[in-house]
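A short reminder: the numbers here are calculations on the coordinates, not readings from a lab. Since we're looking at a predicted model, the values are computed, not measured. When we count neighbours, we look across all protein chains shown, and the Cβ atoms used for this are built from the backbone with ideal geometry, even at glycine.
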Amino acid sequence: MEMLSGGEMIARALEDEGVEYIFGYPGGAVLHIYDALFKTSKIPHVLVRHEQAATHAADGYARATGKPGVVLVTSGPGATNAVTGIATAYMDSIPMVVLSGQVASHLIGEDAFQETDMVGISRPIVKHSFMVREPEEIPATIKKAFHIAASGRPGPVVIDIPKDATRPDAKFEYHYPDAVKIRSYAPAQRGHTGQIKKAARLLLSAKRPVIYAGGGVVQGEASGLLTELARELNYPVTNTLMGLGAYPGTDRQFLGMLGMHGLYEANMAMHHSDVILAVGARFDDRVTNTVSKFCPGAKIIHIDIDPTSISKTVNADIPIVGPVQSVLADLTEQVRQLRKKDTELPDPGALARWWQQIDEWRGDHGLWTGRRYGESDRIMPQQVIESLYRVTGGDAYITSDVGQHQMFAAQYYRFDQPRRWINSGGLGTMGFGLPAAMGAKLAFPDKEVACVTGEGSIQMNIQELSTCTQYKLPVKIINLRNNYLGMVKQWQDMQYEGRYAMSTYEDSLPDFTRLMEAYGHVGMQVTDLADLDTKMEEAFAMKDKLVFLDVFIDPMEHVYPMHVAPNGAMKDMWLSKNERT
Amino acid sequence: MRRIISILMENEPGALSRVVGLFSQRGYNIETLNVAPTDDATLSRLTLTTVGDDRIIEQITKQLNKLVDVVKVVDLTEGAHIERDMMLIKVRANGGAQRDEVKRTTDIFRGQIVDVGPNVYTIQLTGTGEKLDSFVAAMAEAEILEVVRSGIAGISRGEKVLRL
C-alpha cells in the first residue's frame, strides 16, 4: 500500500473524489497541503483574491453542475473570511466541502497566531463539520464530507485540519474508501406510498390547483419529472426564486416567480387555489407574506427531502418526506393510474374556468402582456434584462448579486432550464455574483455566463476581476447602474418618506470603464436606450474578454409587484407606485 | 407544556455543542440538561427538558434528528416514563433543634445526609423535579448554602428502549 503524508492524502483524496477545481487561498496552516498539491495534484487550483470569493466561486460551480464545490483556506482570517460564503451555501442547500487549516494540535486553545475555532464559528451554518485529529483519518473524513455534502438535503461541510496532521515527513497508508456508512445519517430514499396515493387523489380532486416548486427540484434533478407531471395534468406552475428554471420559463403553464416580488398571476393563483402541490420549496417568509393569511382555501401537499422543512411555517395536509425525484415519479404513476380509471379527473370544466381566471390575471397585470413601465425616457432596468435575454438567446448562465437587479433578472429572464439561474436566495449575499460567475464559467467554459449586478454589490467582491484576468474568465458583467443601493432606496421611498439614509454614494463611484481597463478587461457605458441592444451584442461578441457593461438606468424605478407588508396576504400587492390590489 | 427529550448521539467532541447550539440558534429553551456516555462507550445519552407547544416540539425533534451526530431522538413525555433528578443541597445546621429539624425533613423526603460538618449538613435527594422543588421549599426555614442538581434523566417504562 502507498504511503502518503497528510497533505498528500488530501491532494490524492480530492482526486479520487473526482474534484475538478479547488478554489482557495494559501496561508501558514495549509502550506503543507499546498506543497503537496503543487507537487502531486492534477486538479487545477483557482487562486481567488479573498476567501469569501473562494466559497462563492465553489458555490457557483456547484449550482451550475450539481457537484460539490471545493474550497481550501488557511486558519484564522482565511477561515473567517470564508464564513459568509459557507452561510450562503447553507441557506440555499448547496453542496460544498470546505477544507480549513488549523494551527498545530499542540497550539489549539492557546490563542496562537491565526488561530480561530472554525468548527465552532461555522457550526450554525454547516450541514456538518469535522476536526481531523489523526492524519490516518483524512481519507475517510474526506469521503464522509463529500457524502454528507451531496446527499439528502445538500449543504456545506467543513473539515478543519491542524497543521501537524499534514506534515510531509509523517507518512501513512493511503486507502480511499469506495463507500461510506454513517449510522446516524440516513436521508430518506423513497416517499411513503400511502401518502403518495393520498396526494394523487387530492391533486386530481382539485378545481383550482397550483404547483409551487422550489430549489429542491433543481437540486434534486427533478425538473423533467416535474414538467411531465404538470403537463400530464395541465396544471399551472409557479417557481420560487431558487426554483427558477425548474419548470420552463417560456411555457404557457408557467406563472412566473411567486412571492414578495412574484408575478401578479402567480400570487393571485396561489391565494385563490384549492390545492397546492409544494415540491422542494420551504414556505419561506419571502414567499408566504403573512403566514396566518396564506392561501386560506388551499389544501397543501408538501414534498421535501428534509422533514424539518415540512410544517415549519405552514402546515402541510399531506406531507411526503423523500427525494423529489423518486416521489414525483411515484406520484405521476399514481396520477396516471387514477386517470385511467376515471378520465374525467381532474374536472375539465373546473380546470378550464381556472385557466380562464389565470389568463385574465395575466392580461390585467402580467409582466408580459399588460404591464407597462418606462414612464421616463431613461433606460428602464427591465429593458436591460430583456435585452440580455434576447442577445443570449435565453441560454446563458445568469448569476446575480442582491437587490433590485436580482429581482428584475428573476422576473424578466425566462429560464427554460434548471441550474441556469444562480443567485443567493436565502442569505441574500451581496458580492455573490462575480465569484459565482467565475465558478460557472470554469464549469462551462463554452457557455455564456453573465453576472447581473449593481454598483453596490459588485464592489463587495470587485477584487475578483484580478482572478478573472489570471484565469482568463471572459464573463460578462451587466451593471444596472442607478447610483443608489436600489432596493434599500426602494424601501426608503415606500416606508421612510424618501429619506435615503446612507443608501447613496453620490460621486464616489469609480470610473468602471477605466477600472476594467486597469485589470485588462473591457468596460463599456450605455446611457441611451437606442444603444442598448447594440452594446449588449458587442459585449457578447467579445468571446475572450471580460466585458463590464455599465448601463445607466432610471434610478427612480421600483421592483413591482411587491407584497403589501406587514399583515398582507399573497394577493395583496403593490403593482406600481400608486396602484395596489 | 414541559417535555423530556432523550437523545442517543455519537460520543464525539462537538456533538454536545451541536445539540445545545441548535436550541439557542433556533430560539428554543433548555430547562435542564443531563449527558453522559452509555454502556456502549461510542454513544452518549443526553436528556433535556424543554417547554413548547406541539408544533415547536415537533420542530425540535426533527431538527435534532437532522444533526449528523444524533442517532435517535425520543420524546419521553409521549408515553409512560420514569424521570429522576438528583440534588445535593448544603444547608446551615447549627444547634440541636435546627439539626433535628433538617434531619426530620430529610427523612420525610427520603433523602440522605451524605456529609456532616459542625455547622452544615449536605443532603442528597433523588426524585422528580417537583419533589426536589418541594424539598427546597420545605427547607425555607433553614439557611440554604448551595444547591446543585443533575438535571432530569429519564427512561421509558416497560419494553420500550432507546438504543441502536
Q) Could you list, in sequence order, the residues of the range A:507-557 that are closer than 23 Å to A:Met460 by Cβ, β-branched (Val, Ile, Thr) and surrounded by fewer than 21 Cβ atoms within 10 Å (Cβ to Cβ)? A) A:Thr513, A:Val522
(Q) Just to be sure I understand the filter: pairs with C-beta atoms under 8 Å, separated by 6 or more residues or on different chains, first member in the range B:11-38 and within 19 Å of A:Ser129 (Cα to Cα), second member of a type in the set (Gly, Ala, Ser) and surrounded by 15 or more Cβ atoms within 10 Å (Cβ to Cβ). Which pairs pass? (A) B:Asn11/B:Ser44; B:Gly14/A:Ser129; B:Ala15/B:Ser44; B:Leu16/B:Ser44
**Q.** Scope the range A:475-499; condition under 21 Å from the mean Cα position of the chain (by Cα) and more than 12 Å from A:Met556 (Cα to Cα); matching residues
**A.** A:Val475, A:Lys476, A:Ile477, A:Ile478, A:Asn479, A:Leu480
**Q.** Tally, over the range B:136-159, of residues that are touching a Gly at 6+ places or on another chain (Cβ under 7 Å) and not small (Gly, Ala, Ser)
**A.** 1
Q | strands (runs of 3 or more DSSP E) wholly inside the range A:397-508 containing at least 1 residues that are basic (Lys, Arg) | A | A:476-481
Q. Within the range A:20-60, which residues are aliphatic (A, V, I, L, M) and surrounded by 20 or more Cβ atoms within 10 Å (Cβ to Cβ)?
A. A:Ile22, A:Ala29, A:Val30, A:Ile33, A:Ala36, A:Leu37, A:Val46, A:Val48, A:Ala53, A:Ala54, A:Ala57, A:Ala58
Q.
Just to be sure before I move on: is B:Asp69 closer than 18 Å to B:Gly129 by Cβ, buried (at least 17 other Cβ atoms within 10 Å of the Cβ) and in contact (Cβ under 8 Å) with a residue 60 or more places away in the chain in the structure I sent?
A. no
**Q.** Qualifying positions in the range A:295-312 - surrounded by 20 or more Cβ atoms within 10 Å (Cβ to Cβ) and over 24 Å from B:Val68 (Cα atoms)
**A.** A:Cys295, A:Ala298, A:Ile300, A:Ile301
Q: Answer yes if at least one residue in the range A:494-507 is in contact with a helix residue (DSSP H, G or I) (Cβ under 9 Å, 6 or more places away or on another chain), among the polar types (S, T, N, Q) and over 29 Å from A:Cys468 (Cβ atoms), and no otherwise.
A: no
Q: Write out, first by first residue and then by second, each pair whose Cβ atoms fall under 6 Å of each other, whose residues are 6+ apart or on separate chains, and whose first residue, in the range A:481-493, is surrounded by fewer than 21 Cβ atoms within 10 Å (Cβ to Cβ) while the second is of a type in the set (S, T, N, Q) and not in a helix (DSSP H, G or I).
A: A:Val488/A:Ser503
Q. Which number in (1) within 14 Å of chain B (Cβ to nearest Cβ); (2) more than 28 Å from the chain's Cα centre (by Cα); (3) among the hydroxyl-bearing types (Ser, Thr, Tyr) marks the one condition that A:Tyr176 misses?
A. (1)
**Q.** Total residues in the range A:187-219, condition within 30 Å of A:Gln356 (Cβ to Cβ) and part of a helix (DSSP H, G or I)
**A.** 8
(Q) Cβ contacts < 6 Å: first residue on the phi > 0 side of the Ramachandran plot, restricted to the range B:137-164; second residue among the hydroxyl-bearing types (Ser, Thr, Tyr), any location; separation 6+ or different chain. Result? (A) B:Gly151/B:Thr32
Q | Top-ranked residue of the range B:74-91 - restricted to ones that are in contact (Cβ under 8 Å) with a residue 40 or more places away in the chain and surrounded by fewer than 15 Cβ atoms within 10 Å (Cβ to Cβ), ranked as nearest to B:Thr61 (Cα to Cα) | A | B:Gly79
Q: Would you list the strands (runs of 3 or more DSSP E) that sit entirely within the range B:1-115 and hold 2 or more residues that are within 14 Å of chain A (Cβ to nearest Cβ) and β-branched (Val, Ile, Thr)?
A: B:70-75
